Amino acid sequence: MRHWLFHPLIFYPLAILMAGLLIAASVQPQKWPRAPEAVAAQTADGALVYAGPGFDSPAPAPQQEMTVTRDFWGRAETLRIAIKPEQGEPAADEQGVRIMMTAEDAARVENRPVAVEVTYNASPVNAATGLAVSLQGAGPAVWVSQDIPPEPNTVRFALPAQAGVNAIGLRALSSDNDQNYGVEITRIRVIPR
């Protein structure tokens, strides 16, 4: 006795459909890079918090490698940045990897000094030795850098006021120049002072 599911007019189209779905899932389109665009921060205790969805569509930098880690459904989890070999300290005209801010979020920090807290996980291999942060806007970027220990930690940066704010710039730093050195950023808090 033959089952109706194994009839050639049903089985073969169903097998082709299943194979097509399997191929489409294996390509993982949900993890493809997105075009840079502004993301809204979460607000907690008067601070702007960028975590998870806040890392969905950052703008890349030519001096760095950038990867947004995502879950199976394509939701952003963390931001990994790594400095390429033979890069010096960040220059005032360099933008770094940028977390683009919405107009509402930018208005909260416009022309105000801010404290930026960056929570990170050190890379298990080729960990960056430092991190630089800046507010990006109408004027040249003022980069503030700190050494970061090779363990999960939070570092705090005091940034000067900036006019026309539109992004937060991030730059990994390394004392070695032979290969890429990086850090995984899990959360950024921007606290207007």
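Values quoted throughout were computed directly from the atomic coordinates according to the rules given, and no laboratory measurement underlies them. On a predicted model such as this, the values are computed, not experimentally measured, just so you know. As a convention, Cβ positions derive from the backbone with ideal geometry for all residues, glycine included, and neighbour counts pool all protein chains shown.
Observations, loosely collected:
- Where chymotrypsin sites (Phe, Trp or Tyr not before Pro) in DSSP loops with at most 15 other Cβ within 10 Å are excluded, longest remaining stretch of the chain: 74-193
- Database remark: amide H of Ala128 closer than 5 angstrom to the amide H of Ser123, Gly182, Val183 (H placed geometrically; neighbours at sequence offset of 5 or more, or on other chains; Pro and chain starts carry no H).
- Cα gyration tensor, segment 26-79 - rounded (a/c under 1.5), prolate or oblate: oblate
- Secondary-structure-derived ellipticity at 222 nm for the chain, considering helices only, amounts to -4500 deg cm²/dmol, per-run term -39500 (n - 2.57) for DSSP H runs with n ≥ 4.
- Exposed GluC sites (Glu not before Pro) absent - longest run of the chain, DSSP non-H/G/I/E/B, at most 14 other C-beta within 10 Å: 87-193
- Under 11 Å, Cβ to Cβ, from Arg34 - net charge with Lys/Arg +1 and Asp/Glu -1: 0
- Using a Gaussian network model of the chain in which every pair of alpha carbons under 10 angstrom is joined by a spring, one finds that among Gln162, Gln64, Gln87 the greatest mean-square fluctuation is at Gln87.
- Counting Lys and Arg as +1 and Asp and Glu as -1 over every other residue whose Cβ lies under 12 Å from the Cβ of Trp143, the net charge comes to -2.
- The charge dipole of the chain, taken about its Cα centre with unit charges on the Cβ atoms of Lys, Arg (+1), Asp and Glu (-1) only, comes to about 660 debye.
- Prolate/oblate/rounded label for segment 88-193 (Cα gyration tensor, a/c 1.5): prolate
- Calculated FRET value between Asp178 and Thr69, using beta carbons and R₀ = 30 Å, to 0.05: 0.75
- Rounded, prolate or oblate (a/c below 1.5 giving rounded, otherwise prolate when a/b exceeds b/c) for the chain by Cα gyration tensor: prolate
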